[in-house]
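The values are calculated or read from the model by the stated rules, or taken from the named source; none is laboratory data. Bear in mind the structure is a predicted one, so any value in this text is a computation, not a measurement. Because the Cβ atoms are built from the backbone with ideal geometry, glycine has one as well, and the counts that use them run over all protein chains shown. Surface areas here come from the heavy atoms of the whole protein model, side chains and all, with no ligands, DNA or RNA. Shrake-Rupley method; radii C 1.70, N 1.55, O 1.52, S 1.80 Å.
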Amino acid sequence: MFDSVEQVRESLEKQGYICDKNIATVVYLAEQLEKPVLVEGPAGVGKTELAKVVAAATGRNLVRLQCYEGLDEAKALYEWEYSKQLLYTQILKEKFAEALAGATTLREAAERVGREDSIFFSERFIVPRPLLRAITAEEPTLLLVDEVDKSDPEFEAFLLEVLSDFQVSVPEVGTIAAAAKPLVFLTSNDAREMTDALKRRCLHLFIDFPGEELELRILDAKVPGIDRRLAEDVVRVMQRLRELDLKKTPSISETLDWSRALLALNANELDEDLVQDTLNVILKYEGDIRKAQGELGKLIAQKTGQPVPEEPAGQGARVAAAKKGVLH
Amino acid sequence: MRRALPTGRAGRAVQKKIVEFTNLLRKSGIRVSVAEAIDSFTALDELSVEDREIFQDVLRTTMVKRSEDIPTFDELFHLFWSGFHDQLRDTLQNALSGMGGGAIDLDQLIERLRELLGQMEGSDLDLSELAAALLTADLTQLENLIRQAAEQAGTARIENMLQVGFFSRRTLEQMDAEGAGAQLEELMRRLVGQGLSEEEAAALQELIRALQEALRQAVRQFTERELQKQNHDYIEKFRRETLLEKSFYNLTEEDIRRMRDVVARLAQKIKNILTIRRKREKRGKFDLHQTLRRNMGRGGVPFELIFKQRRKDRPKLVILCDVSSSVANVSRFMLQFVYSLQEAFTKIRSFVFVAELGEVTDVFSEYDIHEAVDRALDGGDAINVYTRSNFGFAFHHFWQNYLSAIDNRTTVLVLGDARNNYNDPRAWCLRDMQSKAKNVVWLNPESPGAWGFGDSVMDRYVPYCDVAEECRNLRQLSKFVDRLVL
């Protein structure tokens, strides 16, 4: 249990997760109020990572439920283990014979079997899936429902039920309630807007791209041994890239990947060639790369004081020529 | 389950303000439920309210659940919470620093005043709360008094700039500023009798005047803030309204950005609508083959029954967009829409035409929205856009080359004005497309009244459209998308 927001920040930092006060406040409240947290934000800013480090920092077991289209109760909550049931019936065949011995009528035999059928529909034959595991766990647990926006609306409704009471009912067994409420983190990439009902039950945390200073600190913590100057260059370039209107804006994970790549190349300073050669680490679309090349050329030339090469005027000229002498 | 309102550290006064604040949020279009407001109270019990940053985070995390609303929230938070106290302090400080005295140290003077006031305890002169607060420059008390008076004066009902003076005056009357002034004058006279030096008295006189002026200013500022609060939602609504109605001629960069979000959401919505599975028929027929296969491990005892899954209806979309100069401005917007659709759907093919018809699917998947739209307007390297539009020719071209792109799961979306320059409409092409497709939807920027007049051949095409609509601005498009739900 945390005592203060500041303490949350420190213990997350000890786990290698650098965050600002906002994130720490929400984590603190989630623990104090026992409320689920809905974490939203662009891909790669550390939403899933946050849940993991909170689990580690609080000594909770992490139970992860990855959502996808078509995820249903059987995959998320529990399933009957048919084969095991069948196996047991085979093994216990003789016992059955014993139990049924002396039954004169069919009705009586059925009665006796009926008395024992709770054996086969008991917790022994349930395969617990993540949700049930999180609820029945003895130790403190953190349930991570990852990419909840990918699940179907029906599943969301079902999840809502679980999150509001932390208990589930298995018709044959009865209601199973949580011994200790697990801490719940839901992450979403905003592929689909979650319902108001779900949002109302959750604390909301929006993690955005970090500012320059924060990103530099993250880089320091995550990529040890990186040259200070290189780190600053990398962060500056990334910040600049995020201002562009790209199809896929590079995130913190890309910053880290890129830095590691540069480190592996023994670079200690960014220059234009290096950037051109490694740009595909951070940008995933051809169009984005093309757009970024122009911008970054300028940025790096500025830094080294080289003159900016003029952009080729070919395209504009061609369009203008095409427009000439045609009907409107 | 109902919980009593927590009344811990946050305290009633803060709770009342929070409720007021939630009202402001709601007015500005952020949905905050009562449960969420209560959450914020509970949360504040756990945390110190003193740290403004944390306070803001607590309110945001409990009340604002959509990331798009965060900027609005931050703005309103500043307007509502942080502003006035700081402003009041500045005003007072300005007033005091503006005093010419110089010879006398203000702090000392105020210190001495406090002393003298202490001595006068029990005399017949009663200072009103306001006078005392002014004299000791007690900011918190002053703020409270102003708030109370403003509430009594009904400042919350302020509607426009012209009323600022009126409500300020009423607020001052409510708090009896004049009475307080008189009391202060009286106090000064007595203090002079008690041994206040000539010099000190002059300074005090000036101080009192400055304080009164500062109070008037502060009340006015408070009233102006109230007006801002009232107006905020109005401004926001106004901006949205115009964006909805705006024809696509001169959009600012900000408009385009906002428009892009709205359009993307519309596209997503269309996708959701088209992918809704028919729940009634969720399970198909019994699948003997799969059942046997799956239960082989149990000696063929059918423990688990498998049903044929209905194949999920993956919608396909074929879009034909007119980019001729007669609809140039509409096309730009429509192409934005098409672009967003293409981001949302996997099975989509986009075509642009004037007379010739060309596919721009690749252009859209490769470039960012602005560039892609520009390129598509230029015909995507595939067609000559500087000709007269000819729908018949374009449809025929499609019929000849791309008819295989349409199957019974395809929705064909045509965007254009159907002004055919008196060419042959060749409506039979559209008829063939319709017979192959799931449905044909036509969005026309002209109103139905104009269909079929002049060189418009819309009337010839309408029989072969499942839906034909007027669509000239965002509002109409939203309506159209909404109606698709039914």
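Key figures
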| quantity | calculated |
| --- | --- |
| Shielding by partners - mean other protein chain Cβ count within 10 Å, residues of B:361-371 | 3 |
| Residue-by-residue Karplus 3J(HN,Hα) for segment A:243-248, coefficients 6.51, -1.76, 1.60, Hz, glycine and proline x | 6, 6, 8, 9, 6, 10 |
| 5 angstrom amide H check on B:VAL414, placed H, neighbours 5+ away | B:LEU320, B:VAL441, B:TRP442, B:LEU443 |
| Most fluctuating residue given options A:VAL45, A:VAL234, A:VAL170, as computed from a GNM of chain A linking Cα atoms under 10 Å | A:VAL170 |
| A:PHE206, B:PHE351, B:PHE166, reordered so the largest accessible area comes first (probe 1.4 Å) | B:PHE166, A:PHE206, B:PHE351 |
| Inter-part distance where segment A:121-180 and segment A:30-104 are each reduced to a Cα centre, Å | 7 |
| R0 of 56 Å, Cβ-Cβ distance A:LEU62-B:VAL192: FRET efficiency to nearest 0.05 | 0.15 |
| Accessible area of A:LEU256 in the full protein assembly, 1.4 Å probe (Å², nearest 10) | 20 |
| Chain A - share of DSSP beta bridges that are antiparallel (%, nearest 5) | 30 |
| Over chain A: helical MRE at 222 nm, DSSP H runs n ≥ 4 each giving -39500 (n - 2.57), nearest 500 | -16000 deg cm²/dmol |
| GNM result for chain A, Cα springs below 10 Å: residue of A:GLU73, A:GLU111, A:GLU193 fluctuating most strongly | A:GLU111 |
| Where labels lie 7 Å past Cα in the beta-carbon direction, separation of A:VAL127 and A:ASP72 in nm | 1.4 |
| With all protein chains modelled, accessible area of B:GLU343 [1.4 Å, Å²] | 100 |
| A:ARG260 versus B:THR361: modelled label distance in nm, points set 7 Å from Cα along the beta carbon direction | 3.6 |
| Heavy atoms of A:TYR88: accessible area, 1.4 Å probe, square angstrom to 10 | 70 |
| Where only alpha carbons of segment A:78-125 are counted, the Rg and the Dmax (Å) | 12.0, 39 |
| Amide H contacts under 5 Å for A:TYR78, placed H, 5+ residues apart | A:ARG129 |
| Cα-centre dipole for segment A:212-300 with unit charges at Cβ (Lys and Arg positive, Asp and Glu negative), debye to 20 | 260 |
| Under Karplus coefficients 6.51, -1.76 and 1.60, residue-wise ³J(HN,Hα) of segment B:457-473 in Hz, glycine/proline x | 10, 4, 4, 6, 8, 3, x, 9, 10, 6, 9, 10, 9, 7, 8, 10, 9 |
| Rounded, prolate or oblate (a/c below 1.5 giving rounded, otherwise prolate when a/b exceeds b/c) for segment B:316-484 by Cα gyration tensor | rounded |
| Entries in B:LYS316/B:LYS479; B:LYS347/B:LYS438; A:LYS150/A:LYS284; A:LYS21/A:LYS199; A:LYS75/A:LYS150 that, when Cα-Cα distance is taken, lie over 18 Å | B:LYS316/B:LYS479; A:LYS150/A:LYS284; A:LYS21/A:LYS199 |
| Accessible surface, 1.4 Å probe, highest first, among residues A:THR105, A:THR278 | A:THR105, A:THR278 |
| Shielding score for A:28-38, defined as the mean number of other chain Cβ atoms within 10 Å | 4 |
| Alpha carbon convex hull of chain A, projected area averaged over orientations, nm² | 28.1 |
| Debye, to nearest 20: dipole size of segment A:78-125, +1 on Lys, Arg Cβ, -1 on Asp, Glu Cβ | 100 |
| Cα-based convex hull, segment A:109-266, per residue volume (Å³, whole number) | 193 |
| Fully extended contour minus Cα-Cα distance, from A:GLU13 to A:GLU286, at 0.36 nm per residue | 94.7 nm |
| Total accessible surface hidden between A and B, rounded to 100 Å², 1.4 Å probe | 3700 |
| Assigned charges on the beta-carbon of Lys, Arg, Asp, Glu; chain A dipole about Cα centre (debye) | 380 |
